[in-house]
Structures are given as C-alpha cells and as structure tokens.
Amino acid sequence: MADDKKVAVLGVGMHPWGKWGRNFVEYGLTAARAALADAGLTWRDVQFVSGADTIRNGYPGYVAGATFASALGWTGARVASSYAACASGATAVAAARAQILAGLCDVALVVGADTTPKGFFAPVGGDRKDDPDWLRFHLLGATNPTYFALYARRRMELFGATEDDFAQVKVKNARHGLANPNARYRAEVTAEEVLASPMVADPLRLLEICATSDGGAALVLTSTDYARRHAGAAGLVTIPAVSTVTPRFPQSVIEMPNFATDSAVAAEAAPGTGFRRSIAHAAYEEAGISPEDVDVAEVYDLSSALELDWYEDIGLCKEGEAERLLRDGDTAVGGRIPVNPSGGLSCFGEAIPAQAIAQVCELVWQLRGQAPGRQVEGARVGVTANQGLFGHGSSVIVTT
Amino acid sequence: MAPTKSAIPAVDGWFTTEGTPSLLGSRCRTCGTYAFPRETYFCRNPECDGMAFDEVPLSRQGRIWSYTDARYQPPPPYRAADPYVPFCIAAVELAAEKMVVMGQIVPGVGVDDLSVGTEVELVTDVLYEDDDHQYLVWKWRPLASGDRPGETHG
C-alpha cells in the first residue's frame, strides 16, 4: 500500500447508541474527548476539526464542525462541516485526510453525532414540492423501508433468498452485539422471534429494519510521521483509502429518494458497475488491495437483507452466493470473514452522521485486538461500506 | 346533496388525467434519454450536452421489477386515510424507456397478488381529499391475463 496515501488513526471514541433524548452536541463531545484521551492528545493539539452534519437539529447541526469546536472551547483550529446523508461521517474523514496528506495539518479531529426522532425518518418539514425527498413521502408514501424491501424482494427473486435467510442475518448480528458496550440493542434473538415480529414492508419485519438512534463517534487522525513520533510505529493503525464515489450513469437500480432510475436508452450500464459495488471497489483500488486481503468488514445493514447484498458488492463472494456464505458461518465472528462484529446497524440503529465514523472505530478496535467478546482474531485489514440518499456512499480501508 | 368535488392532480405536470392517463416524462432532443419527473435544464447523460427536451407520455404498461407494501402508516407529508389502509408499492420496468418508475398499486391488491414480472398498467386514483378537491396520483394496476393485448390462451 502506498505510504503517501496513509493517515494514522491515533484515537477512537464513541458515545453509546440509544434513545437518550439529549442534545446531539453532548454525544459528540463525549466521543471527541474519548478519542483524544485514546490518542494521548489534548484538544489544544487539534489543528483541524471535521464535523459530520445532522439536518434534524437546526443550524448547529448544519455547522457541526464549528458547533463541536465551540463546545470544546474555541482554540482557533480550522474547521469544515460535511453533509453526505449516511456517508457524512466518511466525507468528514475524507476532508480531514486530505488536509493531512496535503501537509496542511498534522492532527485532525473528526466528529459526528445525532439526536433522532422516533419512528420512520420523515423529510424535513414545510411544504416543499421541489424536493424529491418530500415528494416521495407525499405522493407515494414511500418510506426508507419501502426501498429496502424492494431490494430484498428482488434478491429473493434473483437468487432464491428466503425470509429465513434474512432472519439469520439478524440472529448473527444480535449475537455479535451482545458484548459491545456501545450497542443500543444487546439481546440475543432467535429466527423464530424475528419471523414472528410484525411485517413492516413485505418481506421485511420489524426486527430486520434498523432503528433510528442517538449516538456519537469520533476519530483523531494524524500524519503517519506525527503518529510515529508521538506513539511509536508498533501497532499503528492507518487509513490508506477512503472512497466517496458517486454513481455512474445510467444508474439502473432505484435509489432513495428517487421516483425513477436513469433511462438506459442512450447508454447501457456496463456489467459490474452498479453503484453499491463501485463504492468498496474504488477503496480497494486506492489502497492497492483486493477483497481477498480483507479480514473483517463493517457494512451498512439498513435491513437484514441488505447485508447479503453487501457481501457480494464488497467482493466477499460472487453474486448469488451470499446466503451460502451466511449459512456456512463464514461471516460470523470465528468464521472466515466476519461481517459486522460490532453488531452492525441491527444492534446500533442509525445515528446518521456518526455511523460511518462508528464503523471505522470498530475496525480500529478490531485491528488493535481491543474488541473483547467479539474479537476477530489476527485481523489486519478491514473495510467499511455504507450507502445513503442522493447518490452518497462510502468505503474506508483500515489496516495495521 | 353535497356538490361534486373537482379532481385535480396532487402534483402539477407529472401525469395526464384526461382519457387514458400517462406519466409525463422528458426526452432529450440530442441523445434520446428519458427522465421522470421531467428534466428541464440539462440532460443527465454525462456524455450529452443537450438542453432541449420534448415532453413525452411514458409507456402506460410495464412489468414489475420489485414490489412491497406499507403495513405501517407513512409519516406526513403522506396524507393517510383514517383508519389507515395498507397499500402495495411497486417499481415498474418500462421497456421502451429502459427505466424503472415507482408507484403505488391500486387499492384491493395485496403482495400475494403480485410477482416480479407481473404486467401492470397506469391509472389515476385519489391520493387524498379535502373540502374542495380530490387530489389524484398515478398508480399501477395489475393486468388480468385477459387484459393483455394480443395474448392468446390455451
């Protein structure tokens, strides 16, 4: 892997996920302080603050970087705030990494946190007939689980996936999350319990759709030179690649919050160039690795069924083989390529701007051997994958 | 007796309501790319610099790409009937346009009545109403086998 593309992850920290009902800034500060302590640095050492925005918490949420910097106490640190739907956290990582790689700073703090309302995510208020996110709720009653369910049904049709396969994903992730102190849901569930939970959007049931959560996550990123001087080279965890690619025209899979796909009349979609697939593959290419090099993955299981799509899209197996991978236990901790050892969104629920950062936190703990009860033994290379509204997605490679 | 309410589209310019209804898309005059809802400024094909579009009715029939239902009442700005009645929703492939368009399925149809590949046609139906108007939206209606034009039986 090219050394000149790497930044070091010196510190990670989280505020536990839950439905705490407090101001998102509190969660961000708790996570930031934990990450700084983990790095052995102080707030005064931070030269650049990279915030991931929340759009449901007013103006402070839109300027998250400055909100966290102000709450930690103004120090004159430079600041940026990023919004990229579910990929906001990774975009904030990308902004910090670019600053460090450009030599503009040595120490950056990345923070994302959210306070969420109960129930379905609804669009931001007001009568907004030019906003597709508002219109899809108004004209179709299409919630986020509507789209997840369209993908799940498609998977059943194309590859013969069953409702029991989907339930087994939940069973696995619930087991993974049991020992994770930052997870919101820590209880084992059986496939029977999953299949007895209320249907929300056929074929997806309540226990298979990720909840909306409060939470916060933070990273201290530094140049590798700074990290070696400060902490030594032994066991250094680095990020050699961050992918924030957009889709390629024509996008032939219906995406939130759209009413239609692109038309492929003028240009056919090239095989193997689907958006979800391109997200992680761009990261592999940037890092100079291949899926075979990966020891552990954190993927965006917005639904149980979507986790199976990710197995294929991040290259863990060929199309149509995800159910077998799951059934063989390959993706459970102790298996060949564990997926979502943290418990995933299944155990966390989604705190949007914090989620892509939390994925990186988990991989860092895994690579340091600091994930008791869910440790992937000997993990040296991890990958995250994530996707959100309006053509956003991200993948981060983490290595020792 | 209450006067009859007038029926108007819930959104302007997205579909026709006279006669047999159609979705209104755009077709780029340079490269032929369709879009729904209509594109009015730049063609979204990155190889095309077209800025002129024809407003065109999209195919009224297609095949279901995937489908689901909404067992729980969607939040506002969806205006649900009281009591809430679950509905199905489908993403439908239009062959001529080579695109997929979402829509609710007409009332009275459940997920067990649908399959990937089911042929559907476009209709309009009441989305919600207030004191003055009924507000219309497009929906997909599954075609009974007897409705299929040109289909031979036996």
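No lab work stands behind these numbers, since they all come straight from the coordinates. These numbers come from a predicted model, not from an experiment. Note that we place each Cβ from the backbone using ideal geometry, even for glycine, and neighbour counts take in every protein chain shown.
One table, with the values for the structure above:
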{"read-out": "Gain upon complete extension [residue B:112, residue B:5; 0.36 nm per residue less C-alpha separation]", "value": "35.1 nm"}
{"read-out": "Estimated distance in nm for a label pair at residue A:128 and residue A:42, the labels positioned 7 Å out from Cα along Cα-to-Cβ", "value": "4.2"}
{"read-out": "Coil-residue trypsin sites (Lys or Arg not before Pro) of segment A:109-165, DSSP, other Cβ within 10 Å capped at 11", "value": "A:118"}
{"read-out": "Largest-first principal axis extents, alpha carbons of segment B:1-119, Å", "value": "50, 39, 29"}
{"read-out": "Net charge contributed by nearby residues that have their C-beta within less than 11 Å of residue B:73 (K/R +1, D/E -1)", "value": "+1"}
{"read-out": "Under 26 Å from residue B:5, Cα to Cα: lysines that are on another chain or at least 8 residues apart", "value": "A:129, B:139"}
{"read-out": "Residues of type lysines that residue A:318 reaches as a straight line, Cα spacing below 30 Å, ignoring anything fewer than 8 places off in the same chain", "value": "A:5, A:6, A:170, A:172, B:98"}
{"read-out": "Overall form of segment A:286-397 per C-alpha gyration tensor (a/c, 1.5; a/b vs b/c)", "value": "rounded"}
{"read-out": "For a label point 7 Å along the Cα-to-beta-carbon line of residue A:390, residues of segment A:49-71 with backbone N under 20 Å", "value": "A:50-67"}
{"read-out": "Where a label projected 7 Å from the Cα of residue A:318 along Cα→Cβ would reach, residues of segment A:269-292 with amide N under 17 Å", "value": "A:271-273, A:291-292"}
{"read-out": "FRET efficiency, 1/(1 + (r/R0)^6) with R0 60 Å, evaluated for residue B:123 and residue A:71 via beta carbons", "value": "0.65"}
{"read-out": "FRET efficiency, residue B:144 to residue A:290 (Cβ-Cβ, R0 56 Å, nearest 0.05)", "value": "0.65"}
{"read-out": "Segment A:249-304 pair-distance distribution - Cα-Cα, 5 Å bins, rounded %", "value": "4, 14, 19, 21, 17, 14, 8, 2, 0"}
{"read-out": "Cα gyration tensor shape of chain A, rounded if a/c is under 1.5, else prolate or oblate by comparing a/b with b/c", "value": "rounded"}
{"read-out": "Residue A:101 paired with residue B:133, simple spin-label distance in nm, labels 7 Å along Cα-to-beta-carbon", "value": "5.1"}
